[in-house]
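Undergrad: Sharing a structure here in structure tokens format.
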Amino acid sequence: MPTEFISLTFPNASTEINPIPNAAIDPEYLVRYARSLDDYGFNYTLVPYDSSSFDPFTVGATIAAVTKNLKIIIALRPNTLYPTVAAKALATLDQLSSGRAVVHFIAGGSDVEQAREGDYLAKDQRYARLEEYIRILRRAWDSADPFDWDGQYYQFKQFSNKVRPVNGTIPVSVGGSSDEAYRIGGSLADIFGLWGEPLKETKQQIDRIYAEAAKAGRAENDRPRIWVTFRPIIAETDELAWAKAHRTLDTLNQARANGQSRVPANAPPPQNVGSRRLLEIAARGEVQDRALWYPTVTATNARGASTALVGSPQTINDSILDYVDLGAELISIRGYDNLNDAIDYGRYVLPSVRKVLQERETSGKAL
Ligand SMILES: Cc1cc2nc3c(=O)[nH]c(=O)nc-3n(C[C@H](O)[C@H](O)[C@H](O)COP(=O)(O)O)c2cc1C
């Protein structure tokens, strides 16, 4: 499978470094952003989920309507949608987009956030529910006949689905860094999403996911594809990129101090393991490996993907290739100046990383 690139969907011009308080969806911006990703060769965009934010399905359908190749990854928390409804909604998007729908499952990393939409299950139960949910979706996409379900979390009778995915099924992604995430994702997912950690720790996580896949009886060619996420801060030279990185950090710190950040200044430590891991590594030092930078993690209390890669296009590309060599097939990159960064990556990162990989493939074949 080739290396593929992912971005994140932004519905308006508000960014972490230039927040527009209470910004509504800006359809023109959304279309421009989505078309830029498509034109510059990104393979996927993740439409994220948050209890207070926009609906990923309608935003995803809008993106599908204005793009040609971009695959749309819908972030989905099982507590927000009955599984038969989700199976049809995803298959509907898949048909509307000629087979470009993907789903990324979020078991839910914070009890407080889950309670905002009426979910009071403990985290291990949320993961158990996720496992059942994925099995129902696969059955609904696959089954020509009506079927009953009598599970721990869901029971229904004679569900019949007439909305089938274009290619028979829809890729299922799972994200997280807890034992349960490794187990459910390793045993059931097509894709496993991680946040950018140093090479050593990333390798450890990949090994855990593969071990769970093996335990579930999956063959080596059937393991989840690995997705790793970074926030590259790129400029013409390494020196200029580091200056830009420090400006970005100052702005993030300022926004948090002024109460303009999504994370309050006095936010408690995060509950999800992925964020806790990022904060632990941040405490060890600012830079890991070639150019993995952690102060942006501390500045945002590790809310979401927050590790930066800092440097010239060459440094960023070499860093990304380090992760490709480790086994990552999906590279998610988004910056802090969303649209401009996506265009920079489209010009200076995607083509050159692909060129190196192409050259390697050609010389490998020649040997
Ligand atoms: C690549 C990736 C994307 C994610 N997207 C979202 C998202 O859109 N919304 C959300 O609430 N959590 C998102 N998460 C967070 C985790 O899925 C979530 O915290 C998880 O349910 C529990 O994490 P844990 O197993 O590390 O404790 C994402 C995680 C990863 C790795």
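The values are calculated or read from the model by the stated rules, or taken from the named source; none is laboratory data. Note that the coordinates shown come from a computational prediction; the quantities given were computed from them, not determined experimentally. Cβ: placed from backbone, ideal geometry, glycine included. Neighbour counts: every protein chain shown.
Undergrad: Of the residues in region 243-279, how many are within 16 Å of the ligand (Cβ to nearest atom), assigned to a helix (DSSP H, G or I) and over 15 Å from residue 199 (Cα atoms)?
TA: 5
Undergrad: Of 54, 42, which residue is of a type in the set (Phe, Trp, Tyr), modelled with pLDDT of 95 or more and within 12 Å of the ligand (Cβ to nearest atom)? Walk me through how you get there before you give the answer.
TA: Numbers: 42 fails: within 12 Å of the ligand (Cβ to nearest atom).
Exactly one residue qualifies, and that residue is 54.
Undergrad: Pull up region 1-31, narrow it to residues that are exposed (fewer than 14 other Cβ atoms within 10 Å of the Cβ) and touching a residue at least 60 places away in the same chain (Cβ under 8 Å), then point me to the one that is farthest from the chain's Cα centre (by Cα).
TA: The qualifying residue farthest from the chain's Cα centre (by Cα) is 21.
Undergrad: Go through region 116-145 and report how many residues are within 16 Å of the ligand (Cβ to nearest atom) and part of a loop (DSSP other than H, G, I, E, B).
TA: First, the residues of region 116-145 that are within 16 Å of the ligand (Cβ to nearest atom): 116-134.
Imposing the further condition that a residue be part of a loop (DSSP other than H, G, I, E, B) reduces the set to 116-122.
Residues in region 116-145 being within 16 Å of the ligand (Cβ to nearest atom) and part of a loop (DSSP other than H, G, I, E, B): 7 in total.
Undergrad: Does residue 343 fit the bill of being at pLDDT 95 or above and more than 17 Å from residue 202 (Cβ to Cβ)? Even if it seems obvious, please write down each step before you answer.
TA: On the way: at pLDDT 95 or above: yes; more than 17 Å from residue 202 (Cβ to Cβ): yes.
Here the answer is yes, as residue 343 does meet what is asked.
Undergrad: Go through region 3-17 and give me each residue that's in a loop (DSSP other than H, G, I, E, B) and touching a helix residue (DSSP H, G or I) at 6+ places or on another chain (Cβ under 8 Å). It would help to see each step written out before you state the result.
TA: Of region 3-17, the ones in a loop (DSSP other than H, G, I, E, B) are 3, 9-17.
Result: 3, 9, 10, 11, 12, 13, 15, 16, 17.
Undergrad: Hey, can you tell me all the residues within region 161-190 that are without any contact (Cβ under 8 Å) to a residue 60 or more places away in the chain and among the polar types (S, T, N, Q)?
TA: 169, 187, listed by residue number.
Undergrad: Further question: So which residues in region 191-237 are of a type in the set (S, T, N, Q), within 16 Å of the ligand (Cβ to nearest atom) and not in a helix (DSSP H, G or I)? If you could, list the steps in order and put the result at the bottom.
TA: Let us first name the residues in region 191-237 that are of a type in the set (S, T, N, Q), namely 202, 204-205, 221, 229, 237.
With within 16 Å of the ligand (Cβ to nearest atom) added as a condition, the list becomes 202, 204-205, 229.
Once the filter is applied, which keeps residues that are of a type in the set (S, T, N, Q), within 16 Å of the ligand (Cβ to nearest atom) and not in a helix (DSSP H, G or I), region 191-237 yields only 229.
Undergrad: Looking at region 298-332 only, could you name the residues that are under 22 Å from residue 349 (Cβ atoms) and either within 14 Å of the ligand (Cβ to nearest atom) or among the aromatic types (Phe, Trp, Tyr) (or both)? Steps first, answer last, please.
TA: Residues of region 298-332 that are under 22 Å from residue 349 (Cβ atoms), as a first pass: 304-332.
The answer is 304, 305, 306, 307, 323, 328, 329, 330, 331, 332.
Undergrad: Could you tell me whether residue 141 is free of Cβ contacts under 8 Å to residues at least 24 places away in the same chain and farther than 28 Å from residue 285 by Cα? Don't jump to the end; show me each part of the working.
TA: Working: free of Cβ contacts under 8 Å to residues at least 24 places away in the same chain: no; farther than 28 Å from residue 285 by Cα: yes.
In short, no.
Undergrad: Quick test for you: out of 211, 282, pick the one residue that is farther than 16 Å from residue 305 by Cα and either surrounded by 12 or more Cβ atoms within 10 Å (Cβ to Cβ) or in contact (Cβ under 8 Å) with a residue 60 or more places away in the chain (or both). Working first, answer last.
TA: Working: 282 fails: farther than 16 Å from residue 305 by Cα.
Going through 211, 282 in turn, the sole match is 211.
Undergrad: For region 260-276, indicate whether the set of residues that are touching a Ser or Thr at 6+ places or on another chain (Cβ under 6 Å), buried (at least 20 other Cβ atoms within 10 Å of the Cβ) and modelled with pLDDT under 95 is non-empty. Before you say what the answer is, go through the steps one by one.
TA: Applying the first criterion (touching a Ser or Thr at 6+ places or on another chain (Cβ under 6 Å)) to region 260-276 yields 263, 271, 273-274.
Going one step further and asking which of them are buried (at least 20 other Cβ atoms within 10 Å of the Cβ), we end up with 274.
Then keep just the ones that are modelled with pLDDT under 95; that gives 274.
The answer is yes, given that some residue of region 260-276 is touching a Ser or Thr at 6+ places or on another chain (Cβ under 6 Å), buried (at least 20 other Cβ atoms within 10 Å of the Cβ) and modelled with pLDDT under 95.
Undergrad: Also, I was wondering about something else. Just wondering, is there one or more residues in region 81-89 that are closer than 21 Å to residue 113 by Cα, of a type outside the set (Asp, Glu) and surrounded by 19 or more Cβ atoms within 10 Å (Cβ to Cβ)?
TA: yes
Undergrad: Separate question: Between a first residue in region 215-233 that is farther than 13 Å from residue 191 by Cβ and a second residue that is among the charged types (D, E, K, R) and within 16 Å of the ligand (Cβ to nearest atom), which pairs have beta carbons less than 8 Å apart while being 6 or more apart in sequence or on different chains?
TA: 231/334
Undergrad: May I pose another question? From 335, 364, 346, grab the single residue that is under 19 Å from the mean Cα position of the chain (by Cα), more than 30 Å from residue 272 (Cα to Cα) and either part of a helix (DSSP H, G or I) or in contact (Cβ under 8 Å) with a residue 24 or more places away in the chain (or both).
TA: Values: 335 fails: more than 30 Å from residue 272 (Cα to Cα); 364 fails: under 19 Å from the mean Cα position of the chain (by Cα).
Step by step, each of 335, 364, 346 is checked, and only 346 is under 19 Å from the mean Cα position of the chain (by Cα), more than 30 Å from residue 272 (Cα to Cα) and either part of a helix (DSSP H, G or I) or in contact (Cβ under 8 Å) with a residue 24 or more places away in the chain (or both).
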